[in-house]
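The next block holds one structure in the form of structure tokens; read it before the comments.
What follows draws every value from the coordinates through simple rules; no lab data is involved. Just so we're clear, the structure is a prediction, and the values are computed from it rather than from any experiment. Neighbour counts are summed over all protein chains in view; Cβ atoms, including those assigned to glycine, are modelled from backbone coordinates with ideal geometry.
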Amino acid sequence: MSRYKIYTDGSCIINPGAGGYAAILVDETGARVEITGSEALTTNNRMELTAAIVALKKIAAGDTAEIFTDSQYLKNAFVQGWLEKWKRNGWKNSAKKPVLNQDLWLELDALISSRAVRFHWVKGHAGNIFNERCDKLARTEAEVQKIRAVAERLPVQLELF
């Protein structure tokens, strides 16, 4: 079994809109892996969850992970027991409305069930070097996705010489 510290962040240019996510995995030797990705039309919360999902998919079942996030949404689902309440209430929130992002919560719940995971909240933009790096990577991915979306709408012009 291995132990990891995982830092995650998600970003959206416009919410909803082009989004990006990033995760940094640091193992017990200090070796570091950065993971990034993006989606054309998403929300910031979906990117926060996706960052945690892709990170946990990189570690083996049975491993231990501490996830550091600046997302209260992600952290509180586990630390405050929101996820368990949603499941008990048939995926309805305290306002009796359907829980948003249920597909991602189900995937994250399945990944966590086979790993020892603890969540920690870190204040965003407060000098934590890994959180700052994740923020920069996620924002860059979102910006690239925004540029791709604009480029796809441009007409293709062929110039013949």
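Taking amide H as placed 1.01 Å from N in the peptide plane, the amide H of Phe119 sits under 5 Å from that of Ile67, each at least 5 places away or on another chain.
For segment 77-94, 3J(HN,Hα) computed residue by residue from phi via the Karplus equation (6.51, -1.76, 1.60; θ = phi - 60°) reads 4, 9, 6, 8, x, 4, 4, 4, 5, 4, 5, 4, 8, x, 6, 10, 7, 5 Hz, glycine and proline entered as x. Taking amide H as placed 1.01 Å from N in the peptide plane, the amide H of Tyr4 sits under 5 Å from that of Thr64, Ala65, Glu66, each at least 5 places away or on another chain.
So what is the 222 nm mean residue ellipticity for the chain from helices alone, if each DSSP H run of at least 4 adds -39500 (n - 2.57) and you divide by all residues, rounding to the nearest 500 deg cm²/dmol? So the helix-based figure for the chain works out to -13000 deg cm²/dmol. Compute the longest continuous run of the chain that contains no exposed GluC sites (Glu not before Pro); treat a site as exposed when its DSSP state is not H, G, I, E or B and it has at most 13 other Cβ atoms within 10 Å. Value returned for the longest uninterrupted segment is 29-158. Under the criterion of Cα pairs below 8 Å and six or more residues apart, the relative contact order for the chain equals 33 percent. Under 5 Å from the amide H of Lys92 lie the amide H atoms of Val99, each residue being 5 or more positions distant or on a separate chain, with H modelled from the backbone and absent for Pro and chain starts. Once both labels are positioned 7 Å from their Cα atoms along Cα-to-Cβ, the gap between Val33 and Glu84 label points is 3.0 nm. Axis angle, to the nearest 10 degrees, between helix 44-57 and the longest C-alpha principal axis of the chain: 70 degrees. Working note: Karplus 6.51/-1.76/1.60 with θ = phi - 60° gives segment 21-36 the couplings 9, 8, 9, 10, 9, 10, 8, 5, 8, x, 5, 10, 10, 10, 10, 9 Hz, where Gly and Pro are set to x. Per-residue extension of 0.36 nm, minus the Cα-Cα distance of Met1 and Val144, leaves a gain of 47.8 nm for this segment. Between helix 129-153 and the chain there is an angle of about 40 degrees, using the helix long axis and the longest principal axis of the Cα atoms. Couplings 3J(HN,Hα) for segment 100-113, derived from phi with the Karplus relation 6.51 cos²θ - 1.76 cosθ + 1.60 (θ = phi - 60°), are 6, 6, 4, 4, 6, 4, 5, 5, 5, 4, 5, 5, 5, 4 Hz, where x marks Gly and Pro. About its Cα centre, the dipole of the chain is roughly 620 debye, where the only charges are +1 on Lys and Arg Cβ and -1 on Asp and Glu Cβ.
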